[in-house]
1. Mind telling me which of T166, T95, T122 comes out most flexible in a GNM of the chain, alpha-carbon contacts under 10 Å?
2. So for V17, V252, fewest C-beta neighbours within 10 Å to most, what's the order?
3. Which value, to two decimals, describes the C-alpha radius of gyration of the chain once divided by 2.2 N^0.38 Å?
4. Picking from V243, V142, V31, which is most flexible by a Gaussian network model of the chain using Cα springs under 10 Å?
5. With +1 on each Lys and Arg Cβ and -1 on each Asp and Glu Cβ, and nothing else charged, work out how big the dipole of the stretch 151-348 is about its Cα centre, in Debye to the nearest 20.
6. Who wins for biggest fluctuation among L47, L323, L90 in a Gaussian network model of the chain, springs between alpha carbons below 10 Å?
7. Determine the gain in length on full extension of the stretch V217-Q333; use 0.36 nm per residue of separation and subtract their C-alpha separation, reporting nm with one decimal.
8. Report, to one decimal in Å, the Kirkwood hydrodynamic radius for the stretch 151-348 based on all distinct Cα pairs.
Amino acid sequence: MGLDFAALVREWDGEQVVISHDSTTATWMFVCQHSSRLGPATGGTRLRVYPEPAAGLADGLRLAAAMTVKMAMAGMPLGGGKGVLAVAQLPDAATRERIIDRYADLVASLGGSYLTAPDMNTSESDMARIARRCPYVFSRSVAQGGSGNSAPATAVGVLHGIRASTQHAFGSSELSGLGILVQGLGGVGGHLAELLTEAGARVLVADVDPDRVVRAVRTLGAAPVDAADVIGTDCDVLAPCAVGGVLDAAAVDTLRCRVVAGAANNQLAEPSIARRLRDRGVLYAPDFVINAGGVLHGVGLEQLGWDDAELQRRLRGIGDTLLTIYREADDAQLSTHDTAERAARQRLGTNGADQR
């Protein structure tokens with residue numbers, strides 16, 4: 001039996017879900033506004049093929065909730081939201097423009113209660129197109145008045161997070177010689193693989209797109225790993241940088257690494273997996289902490305008036321935040337995920353039952 005829109009929304013603890021359907025392109029559009037406690041709900045827009053429309057809604061609901069705690073942990077004056085464009089197939093150029101225009105009108109109709117930015121399969125050029133019809137958008141190109149691509153900043157933040165994680169797990173933030181497997185070589189994962197190579201790590205790479213793997217092997221000297229073999233590959237650090245949900249109970253039992261620290265959202269199939277990781281002696285960097293670089297980039301440069309020096313300082317702070325989480329988790333004998341969520345709830349001023 002397929003997922004049900006009404007049941008998904010009823011079971012969610014967020015504020016508002018807006019659902020629209022563009023019949024011309026057969027695209028379902030979901031804007032999930034989880035929390036406005038700290039400011040307008042904010043989150044990227046992903047364009048993705050789903051097995052059914054409700055799977056896109058479920059993805060948006062999970063991601064919006066994660067954005068709430070990400071914004072809180074990053075100290076941003078914003079709440080959590082997410083936009084999802086669920087398509088039957090990735091569109092051609094003309095269809096894509098139609099989808100983006102209709103979506104821009106939908107976001108504009110919300111009057112600033114939701115702010116958007118790029119995510120999976122959307123880019124700064126898409127944000128620029130949205131900005132023609134809607135002012136509530138981040139990360140347009142620099143030439144068009146925005147802060148540009150946030151992927152490099154996200155990758156830099158993840159690099160600082162990996163250094164903090166190896167400091168805690170191995171006693172050193174030096175990455176030279178460590179085996180680090182980057183799963184997913186898209187905008188963030190590709191940049192991260194480059195940064196890790198520059199840092200002297202022994203970089204392994206995997207992606208469902210073989211051309212990306214070939215390119216990384218040729219240009220970086222990375223070692224290829226079959227996408228189906230990622231979880232069981234022996235490495236020091238696994239950096240998931242593709243889709244979420246990669247860590248379920250079976251995956252945790254198969255892991256052959258000491259650290260999981262990557263850019264993907266919602267890496268845990270369910271929150272209880274974090275405890276399972278701890279019990280296995282695997283240090284987990286909560287994704288909503290380590291991948292906050294894109295938020296710092298877009299919001300900091302476009303809304304808060306930061307310069308690049310301040311942005312770089314905040315990106316380094318991701319590592320400091322993780323070290324604090326790791327110490328507190330050890331002291332309380334809690335998972336790192338639960339420790340980070342507790343810190344986020346404190347910043348939100350909630351008990352976790354309602355983050356609105």
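1. Sorting by GNM fluctuation, first place goes to T95.
2. Taking fewest neighbouring Cβ atoms as first place, the list is V17, V252.
3. It is 0.94.
4. Checking each option, the largest mean-square fluctuation is seen for V142.
5. Taking the Cα centre of the stretch 151-348 as origin, the dipole is about 260 debye.
6. Of L47, L323, L90, the most mobile in the Gaussian network model is L90.
7. 37.7 nm
8. 16.6
No lab work stands behind these numbers, since they all come straight from the coordinates. Computed from a predicted model, the values in this text were never measured in an experiment. Don't worry about glycine lacking a Cβ; one is built from the backbone with ideal geometry, like all the others, and counts go over all protein chains shown.
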